[in-house]
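Right, one structure below, let's go through it.
The values are calculated or read from the model by the stated rules, or taken from the named source; none is laboratory data. All values reported here derive from a predicted model rather than from experimental measurement. Note: ideal-geometry Cβ built from the backbone for every residue, glycine included; neighbour counts use all protein chains shown.
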Amino acid sequence: MTALSNSCTAAGGASATTMAELHAARSQDELERALVAALTPCLVGVEAALCLADDIAATQQLRFVFGENCPVRGLQRVRAEDWQLPASQRLPVRFRSHVLGELWVGKPLADEPLLAVQDMLVHYGAALVNLTLNAESRQATEDYCASLQALEEGIVLFQEEDPAAVTARLLSLASSMVQATAGALYVLREVGKKDSGLRLEQALGIPDSLLQSFRGVEGCAWPDVLLDQPAHLAVRADDAPMNADDGSMAMLAPDCLPPILQSIVVLPLRYHGVQAGVCLLFNPLLDSSQPRDFLGRLQSFGQLAAALLHRLSLEALQANSVTIARELEIAETIQKRLLPERAPPTEEYEFAWSTIAAKNIGGDYLDLGASDLGDIYLVCADASGHGINSALLMSSFRANYRGNAAWQEPNDLAALLNREVAHEVGPTGMFITAALLRLERDTKRMTVSSAGHNPTMVYRARTGKVELFESNGPPLGFVADAEFESCDTVLESGDVILLFTDGISEAANQDLDMFGEERLQALLVQHAADSAEQLLAVMRKALADFTGRERYDDDVSMLVAKVR
């Protein structure tokens with residue numbers, strides 16, 4: 001016992017030198033070698049085994065054994081029943097209140113070696129926890145430094161204006177982080193809209209043709225199925241935890257896996273709920289048994305990449321919006337020039353007209369011209385909806401109207417225009433309402449044919465009242481072979497004609513009250529003595545005062561004709 005007592009100190013504990021060696025260890029292997037050296041004098045002729053707590057329930061990891069006859073030799077994981085021992089021979093490895101493992105000893109120890117071994121296990125537990133904390137601290141520092149490096153790269157990329165350069169650099173950075181031999185970057189066609197589908201934006205070290213040959217396990221598109229996956233490492237092994245039950249790798253059908261492809265890092269690109277795409281890194285130099293070390297860095301990088309791709313998408317959208325806005329401004333200028341610049345020369349009538357589009361361009365149309373005989377023909381038309389589609393339809397309508405109005409009766413003209421509109425709109429459901437008028441020069445006779453349009457208002461100077469001429473047929477485009485009627489009336493000096501679209505009568509104020517046709521009639525009666533220009537200005541001001549704005553939800557058009 002003399003030698004044993006010299007190594008296991010008379011004070012009932014381990015020597016200071018032994019404890020210092022335990023706490024100076026730089027790794028778990030080095031720590032366990034120091035523990036074995038310290039325990040050996042205390043366990044002469046005793047079988048023993050050190051076991052540490054395992055993630056699997058009821059098992060422990062076997063770290064090392066003493067004695068050639070130790071019954072658990074050669075096992076990686078052990079259970080208590082693998083070596084039947086009393087509780088007194090299972091010495092705990094503790095750190096404060098936490099049990100980290102046990103030292104199993106094959107026979108009872110004397111008091112002095114027992115106290116020394118227990119003391120060593122206490123220091124071993126503390127040293128083991130410190131090693132773990134230090135490793136986690138080092139890993140956190142590495143992750144932080146990697147994040148800083150990615151952030152520095154991101155600052156540069158945020159200043160890059162070329163989308164191709166940004167995506168190429170993103171893929172290169174991701175590949176270098178895991179030392180992948182190849183990679184592919186897929187981006188949503190509309191960033192933020194998962195159902196828009198992915199497109200291959202960049203490929204590195206792998207042919208596009210090979211990527212295009214890949215498909216999902218159920219024949220679906222790949223890598224669309226990876227958008228909702230977490231960042232992970234998929235390896236070519238039957239027991240890989242992230243692989244499907246059928247042995248596929250990263251949801252990739254096994255029959256289209258080339259032999260050279262052994263592992264894939266799947267990195268979805270998203271941040272703050274915005275999905276941008278997915279980055280795939282092939283054959284990375286990583287340990288699949290411990291992927292946690294790199295997943296944090298990759299996920300941070302994926303968020304940065306998603307933010308960059310979202311920015312590129314927003315900038316492209318803004319540039320496209322600027323282009324569209326410019327094109328709409330040009331279209332607005334062209335459409336305004338399609339309106340008549342001046343009234344036809346006549347001594348019998350005076351005219352005023354105005355159109356206010358709901359957007360840059362509208363679907364309303366006003367026109368007036370003179371035939372060779374001096375008769376005046378007028379039109380006020382409104383295409384369903386407003387915007388580009390309505391403006392295109394109305395441009396075609398204008399050409400047909402101007403080509404036929406001068407020598408057609410209003411009802412015949414309506415039938416002709418109806419056939420053309422029906423052919424052009426097809427099954428779209430669009431249509432045009434129109435009021436077609438002819439004013440004879442000598443007789444001052446007005447002939448009107450209305451295709452589903454608002455009533456034509458005629459103020460009668462003789463009576464001081466407004467007469468309404470209602471529609472004579474359906475809107476243009478509803479029924480291709482529809483027939484239209486017309487009606488005539490003779491005008492007198494002081495009479496006023498008002499043509500308008502429903503944008504004015506249906507314009508609403510903040511209380512959702514509509515301007516209505518009654519207000520138009522009242523204004524017409526009240527200001528009938530004014531000139532056509534003055535009457536038009538009064539009506540526009542009244543509409544703006546009623547609604548509190550000068551642009552409306554629908555196109556607003558008015559045409560005033562006054563008999564001299």
Condition check for Leu559: under 43 Å from the mean Cα position of the chain (by Cα) and of a type in the set (A, V, I, L, M): no
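Kindly establish whether Val490 is of a type outside the set (Ser, Thr, Tyr), assigned by TED's automatic domain parsing to the domain that holds Glu347 and within 30 Å of Asp412 (Cβ to Cβ). Give the steps one after another, and end with the answer.
Values: of a type outside the set (Ser, Thr, Tyr): yes; assigned by TED's automatic domain parsing to the domain that holds Glu347: yes; within 30 Å of Asp412 (Cβ to Cβ): yes.
Yes.
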Conditions (1) in contact with a Leu (Cβ under 7 Å, 6 or more places away or on another chain); (2) under 24 Å from Met177 (Cα atoms); (3) surrounded by fewer than 18 Cβ atoms within 10 Å (Cβ to Cβ): number failed by Lys194: (2)
Which numbered condition Arg549 misses (of (1) farther than 13 Å from Thr456 by Cβ; (2) more than 45 Å from the chain's Cα centre (by Cα); (3) surrounded by fewer than 16 Cβ atoms within 10 Å (Cβ to Cβ)): (2)
Criterion: touching a helix residue (DSSP H, G or I) at 6+ places or on another chain (Cβ under 7 Å), under 19 Å from Met446 (Cβ atoms) and touching a residue at least 60 places away in the same chain (Cβ under 8 Å) - qualifying residue of Leu524, Leu498: Leu498
Residues of the range 458-487 classified as over 24 Å from Thr355 (Cβ atoms) and either touching a His at 6+ places or on another chain (Cβ under 8 Å) or not assigned by TED's automatic domain parsing to the domain that holds Asp382 (or both), total: 1
Residues located in the range 16-36, provided they are part of a helix (DSSP H, G or I) and either under 18 Å from Leu91 (Cβ atoms) or in contact (Cβ under 8 Å) with a residue 40 or more places away in the chain (or both): Thr18, Met19, Leu22, His23, Gln28, Leu31, Glu32, Ala34, Leu35, Val36
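Report the residue count in the range 93-123 for those that are surrounded by 14 or more Cβ atoms within 10 Å (Cβ to Cβ) and either closer than 16 Å to Pro41 by Cβ or within 56 Å of the chain's Cα centre (by Cα) (or both). Don't jump to the end; show me each part of the working.
Here is the first cut: in the range 93-123, the ones surrounded by 14 or more Cβ atoms within 10 Å (Cβ to Cβ) are 93-95, 100-106, 109, 112-123.
From what is left, the residues that are either closer than 16 Å to Pro41 by Cβ or within 56 Å of the chain's Cα centre (by Cα) (or both) are 93-95, 100-103, 105, 109, 112-123.
The qualifying residues number 21.
Results for (1) of a type in the set (D, E, K, R); (2) assigned to a loop (DSSP other than H, G, I, E, B); (3) over 23 Å from Met394 (Cα atoms), shown as yes or no for each residue.
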| residue | (1), (2), (3) |
| --- | --- |
| Asn411 | no, no, no |
| His423 | no, no, no |
| Ala434 | no, no, no |
| Arg441 | yes, yes, yes |
| Arg462 | yes, yes, yes |
| Phe478 | no, yes, no |
Pair list, Cβ under 6 Å, 6 or more apart: the range 346-372 residue in the same structural domain as Asp530 (by TED's automatic domain parsing) and closer than 18 Å to Arg441 by Cα, other residue hydrophobic (A, V, I, L, M, F, W, C) and in a loop (DSSP other than H, G, I, E, B): Phe351/Ala343
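Identify, from the list Asp495, Asp554, the residue that is more than 50 Å from the chain's Cα centre (by Cα) and surrounded by 15 or more Cβ atoms within 10 Å (Cβ to Cβ).
Numbers: Asp554 fails: more than 50 Å from the chain's Cα centre (by Cα).
Being more than 50 Å from the chain's Cα centre (by Cα) and surrounded by 15 or more Cβ atoms within 10 Å (Cβ to Cβ) holds for just one of Asp495, Asp554, which is Asp495.
Please go through the range 182-196 and give me each residue that is of a type in the set (Ser, Thr, Tyr) and either part of a helix (DSSP H, G or I) or at pLDDT below 90 (or both), ordered by number.
Taking the range 182-196 as the starting set, the residues that turn out to be of a type in the set (Ser, Thr, Tyr) are 186, 196.
Scanning the range 182-196 gives a single hit, Ser196.
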Positions within the range 440-479 being buried (at least 24 other Cβ atoms within 10 Å of the Cβ) and closer than 14 Å to Val490 by Cβ, in sequence order: Met446, Val448
Qualifying residue in the range 83-103 (condition: within 17 Å of Ala20 (Cβ to Cβ), assigned by TED's automatic domain parsing to the domain that holds Glu21 and charged (D, E, K, R)): no
Within the range 521-544, considering residues that are touching a Phe, Trp or Tyr at 6+ places or on another chain (Cβ under 7 Å) and farther than 18 Å from Tyr349 by Cβ, the one surrounded by the most Cβ atoms within 10 Å (Cβ to Cβ): Leu543
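Can you name the residue in the range 480-492 that is part of a loop (DSSP other than H, G, I, E, B) and of a type outside the set (S, T, N, Q) and, of all such residues, is surrounded by the most Cβ atoms within 10 Å (Cβ to Cβ)?
Here the residue is Phe484.
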